[in-house]
Amino acid sequence: MTASPQDNLAALYPAHLAEIERRSADALAACGRDTLVVAAGQPHLWFLDDEGYPFKPNPHFLNWLPLADAPGSWLVYTPGARPKLVFLQPRDYWHVVPAAPAGYWVEHFDIATVHTPEAARAQLPQDPSRCAIVGAANAAIGDCVPDNPAALMHLLHYRRACKTPYEVTMLRVASRIGVHGHRAAAQGFREGLSEFDIHCRYLEATRLSEHQLPYGNIIALDAHGAVLHYMHQDRNPPAHAHSFLIDAGGAFHGYASDITRTYAAPEATEWQALIDAVDAAQQGFCAKVRAGQSYPELHVHAHHVLMQAMHDQGFITCSAEAAVASGISSAFFPHGLGHLIGLQVHDVAGLARNEAGDTLPSPAGHPYLRNTRTLVPGMAVTIEPGLYFIEMLLAELKAKSAAKDVNWAKVDAFRKYGGIRIEDDVVCTEGAPLNLTRDAFAAA
Ligand code: GLY
Ligand code: MN
Ligand code: MN
């Protein structure tokens, strides 16, 4: 489960690299430095321990190179010169050391292979004061200390929202991997497996280990689906599960997919009807991923459409408009419509107004919306509406005057199903949106 020759990464990579070079040159100009130095990163140890967290590379490094497992390596770029990779291959008989660089990207770099951090330092620019050094604090070697200049970071983060065609392909492969896992997990639900065993099926199908996932799997049966980030994974299955919510992604050289599906047991037809309504609404929102669309306006539109569905199915007696105005909609749909996605599952700069670091706050009453930008071609976002029966939020709603507009008998009958979320990864283009998730399900 990886890229296929049809993905044509080798052909797409040079234009991607040229774009990253362009952005980097502009970012260096913005902060008044000559050379960009990017640390791949170092593993972090647990407190007072010689064991540590799985290595998670600096996304700025991955933006240049599909080299997700090269701790201690560095990238150096001075506009006008070829980029240089300082590749650390430690002398180490305790661990597997990173394999020598290979593949379509190698020919575009000058590569210095070194065997110690000191030798890596010798390959970096002599005078760090002329450099913008991007990385986590623990990546420092000698006088080469990450300083992450704000003007440079703001510009790179802002522009990273727009993916190059190469990156869209990386995301496409990540979606394919995730969908493969989703199909295996759905089969596990039909077989009556526990949450933990469904999770294992997912890992088996994606060929990803737990720490290679872009985020912790959410595998929720029945009422557990009402916990937005449920990561508990019961080892024993319920006697009979009515509902299954799975939010799980794939990863490909650091690029993430973020996919959610909700399933009903065959006899839970009332639950299936609500899932179908959310699914239809979600596809309508995906169709609006077009250049010029304000994402926060799409989020507010989603509240109205979902409340209309709740009205049509008899959960609320007031109009959709009244349900949004009174806060009923936020009790049932208490998170954002989605976020930017890329090298981080919640990709950076979703709330950025411009590349200078100003921000666009989320609309009043919608504190959890992670994307307030207007869509432009190349932007990759998730579209993930949901409806949930969350005890805490329903109790709060019941204490408000708007409680009179809720059909509590119907709501109470649905608490056992937990919640619904349908989530796709969608790329804005010059024309019709590209739905990476639905494409991958259709091809599977
Ligand atoms: N998987 C977390 C999210 O959907 O944002
Ligand atoms: Mn998401
Ligand atoms: Mn998700």
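The values are calculated or read from the model by the stated rules, or taken from the named source; none is laboratory data. None of these values were measured; they are calculated from a predicted model. Methodologically, a virtual Cβ is constructed for each residue, glycine included, from the backbone with ideal geometry; neighbour enumeration extends over all protein chains shown. Side chains included, ligands, DNA and RNA excluded: accessible areas come from the protein's heavy atoms. Shrake-Rupley method; radii C 1.70, N 1.55, O 1.52, S 1.80 Å.
Using a 1.4 Å probe on the protein heavy atoms only, what accessible surface does residue 231 show? Give it in Å² to the nearest 10.
Answer for residue 231: close to 100 Å² accessible.
Where the only charges are on Cβ atoms (+1 Lys, Arg; -1 Asp, Glu), what is the dipole of the chain about its Cα centre, to the nearest 20 debye?
Working: 33 positive and 46 negative charges, 110 e Å.
Using only the charged Cβ atoms, the result is roughly 520 debye.
Roughly what angle does helix 269-287 make with the longest principal axis of the chain, taking Cα atoms, 0 to 90 degrees, to the nearest 10?
For helix 269-287, the angle is close to 40 degrees.
List every residue whose amide H lies under 5 Å from the amide H of residue 113, counting only residues 5 or more places away in sequence or on a different chain, with H placed 1.01 Å from N in the peptide plane.
When sequence neighbours closer than 5 places are left aside, the close amide H contacts are 87.
Could you order 47, 414 so the one with the most accessible surface comes first? Probe is 1.4 Å. Intermediate values should be presented prior to the final figure.
Values: 47 180, 414 5 Å².
Result, largest first: 47, 414.
First measure r as the distance between the Cβ atoms of residue 276 and residue 25, then evaluate 1/(1 + (r/R0)^6) with R0 = 51 Å and state the FRET efficiency to the nearest 0.05.
Values: r = 50 Å, r/R0 = 0.98.
Calculated transfer efficiency: 0.55.
Once R0 is set to 22 Å, what does the formula 1/(1 + (r/R0)^6) return for the Cβ-Cβ distance between residue 403 and residue 312, expressed as a FRET efficiency to the nearest 0.05?
Once the sixth-power term is evaluated, E becomes 0.65.
Relative to the first principal axis of the alpha-carbon coordinates of the chain, what is the inclination of helix 165-190, with its axis defined by its Cα atoms, in degrees from 0 to 90 and to the nearest 10?
Tilt of helix 165-190: around 40 degrees.
If amide H atoms are built 1.01 Å from N in the plane of the peptide, which residues on other chains or at least 5 residues away come under 5 Å of the amide H of residue 243?
222, 265
In nanometres, what is the gap between the two model label sites at residue 209 and residue 48, each 7 Å from Cα along Cα-to-Cβ?
2.7
Under a 5 Å amide H to amide H cut-off, with H placed in plane at 1.01 Å, what residues pair with residue 255 once short-range neighbours are removed?
Amide H to amide H, under 5 Å and 5 or more residues apart or across chains, residue 255 pairs with nothing.
Using only Cα atoms, find the angle between the long axis of helix 9-31 and the longest principal axis of the chain, and express it within 0 to 90 degrees, rounded to the nearest 10.
The helix 9-31 is inclined about 80 degrees to the chain.
Give the total of Lys-Lys pairs in the chain with Cα-Cα distances below 27 Å; include a pair only if its members are 8 or more places apart or on different chains.
So the count works out to 9.
Could you derive backbone 3J(HN,Hα) for the stretch 36-48 from the dihedral phi with the Karplus parameters 6.51, -1.76 and 1.60 (θ = phi - 60°), listing whole Hz in sequence and x where the residue is Gly or Pro?
Ordered by residue, 3J(HN,Hα) equals 9, 10, 10, 7, 5, x, 10, x, 9, 8, 5, 4, 6 Hz.
Given the options 256, 30, 395, which has the most mean-square fluctuation in a GNM of the chain, springs set between C-alpha atoms less than 10 angstrom apart?
395
Relative to 2.2 N^0.38 Å, what does the C-alpha radius of gyration of the chain come to as a ratio? Two decimals please.
Numbers: Rg = 23.5 Å, N = 444, 2.2 N^0.38 = 22.3 Å.
With N residues counted in the chain, Rg over 2.2 N^0.38 Å equals 1.05.
Across the stretch 90-95, in residue order, what do the Karplus-derived ³J(HN,Hα) couplings come to in whole Hz, using 6.51 cos²θ - 1.76 cosθ + 1.60 with θ = phi - 60° and x for Gly and Pro?
x, 7, 7, 9, 8, 10
Place the peptides 64-72, 316-324 in order of packing, highest mean first, counting for every residue the other Cβ atoms within 10 Å and averaging per peptide. If you can, show how the numbers build up before the last one.
Values: 64-72: 20.2, 316-324: 18.3.
The densest-packed peptide leads the list: 64-72, 316-324.
Would you mind calculating the relative contact order of the chain from Cα pairs under 8 angstrom and at least 6 residues apart, reporting the percent as a whole number? Walk me through the numbers before you get to the answer.
Working: 902 pairs, mean separation 69.6, N = 444.
That works out to 16 percent.
Of 216, 206, 194, whose Cα points farthest to the positive end of the dipole of the stretch 166-247 (charges on the beta-carbon: +1 Lys, Arg; -1 Asp, Glu; origin at the Cα centre)?
206
I want to check the label-to-label distance for residue 138 and residue 34. Put each point 7 Å from Cα in the C-beta direction and report it in nm to one decimal.
That separation, rounded to one decimal, is 3.3 nm.
Work out how much length residue 6 to residue 413 would gain on full extension: take 0.36 nm times their residue separation and subtract the Cα-Cα distance, in nm to one decimal. Please report the intermediate quantities before stating the final value.
Working: separation 407, 0.36 × 407 = 146.52 nm, distance 4.88 nm.
Length difference between fully extended and current span is 141.6 nm.
If R0 is 35 Å, what FRET efficiency do you get for residue 148 and residue 429 from their C-beta distance, rounded to 0.05? Write down the numbers at each step before the final one.
Working: r = 32 Å, r/R0 = 0.91.
FRET efficiency, residue 148 to residue 429: 0.65.
Let me spell out the model: positive unit charges on the Cβ of Lys and Arg, negative unit charges on the Cβ of Asp and Glu, origin at the Cα centre of the stretch 81-132. What dipole size does that give, in debye rounded to 20?
Details: 5 positive and 5 negative charges, 18 e Å.
Here the stretch 81-132 has a charge dipole of around 80 debye.
Restricting everything to alpha-carbon atoms, can you work out Rg to Rh for the stretch 108-227 with a Kirkwood hydrodynamic radius? Could you put the intermediate results ahead of the total?
Values: Rg = 21.5 Å, Rh = 18.7 Å.
Ratio value, two decimals: 1.15.
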